[in-house]
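In what follows, a structure is listed as structure tokens, so that the remarks can point back to it.
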Amino acid sequence: MGKGSKKTTRSHTTVIDAAKPILRALDNFDGVEKIALGQIKVIKGKSGPKRVKITKADAGLKLLVKGNNSIQVIWVYTKQHRNVARIIERVKGKGPPC
């Protein structure tokens, strides 16, 4: 993801494990113009299930990806909100919840 990705910005290059399959799928989708990785925050206490919250934003989508013990914000720049959301839902449906 980070360093090897065609569309990922270089300001942050670390990606939490829960976000990697999503970013791989989005990196291969022509409808995604750019992916900007946000900071990673450590979750203290109990770890819950992995999940992704998708919020529509002016330039695309804001993803809040929760892993076992961390949360990362990822901005996806796209004009194809629904198609990107479908891709994320498809990736989430494979294997354990993401």
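Here segment 70-98 is the region considered, the condition is being at pLDDT below 90 and touching a strand residue (DSSP E or B) at 6+ places or on another chain (Cβ under 7 Å), and the residue that is surrounded by the fewest Cβ atoms within 10 Å (Cβ to Cβ) is 97. If only residues of segment 71-98 that are among the polar types (S, T, N, Q) and in a strand (DSSP E or B) are counted, the one that is nearest to residue 25 (Cα to Cα) is 78. Of the residues making up segment 44-70, those that are over 19 Å from residue 31 (Cα atoms), of a type outside the set (S, T, N, Q) and without any contact (Cβ under 8 Å) to a residue 40 or more places away in the chain number 6. On the stretch given as segment 29-56, residues that are farther than 16 Å from residue 13 by Cα and surrounded by 12 or more Cβ atoms within 10 Å (Cβ to Cβ) total 10. The strands (runs of 3 or more DSSP E) found wholly in segment 15-66 and carrying at least 2 residues that are farther than 25 Å from residue 79 by Cβ and modelled with pLDDT of 90 or more occupy 32-42.
The values are calculated or read from the model by the stated rules, or taken from the named source; none is laboratory data. Note that this is a predicted model, so its numbers are computed, not measured. Cβ sites come from the backbone with ideal geometry, for glycine too, and all protein chains shown count toward neighbours.
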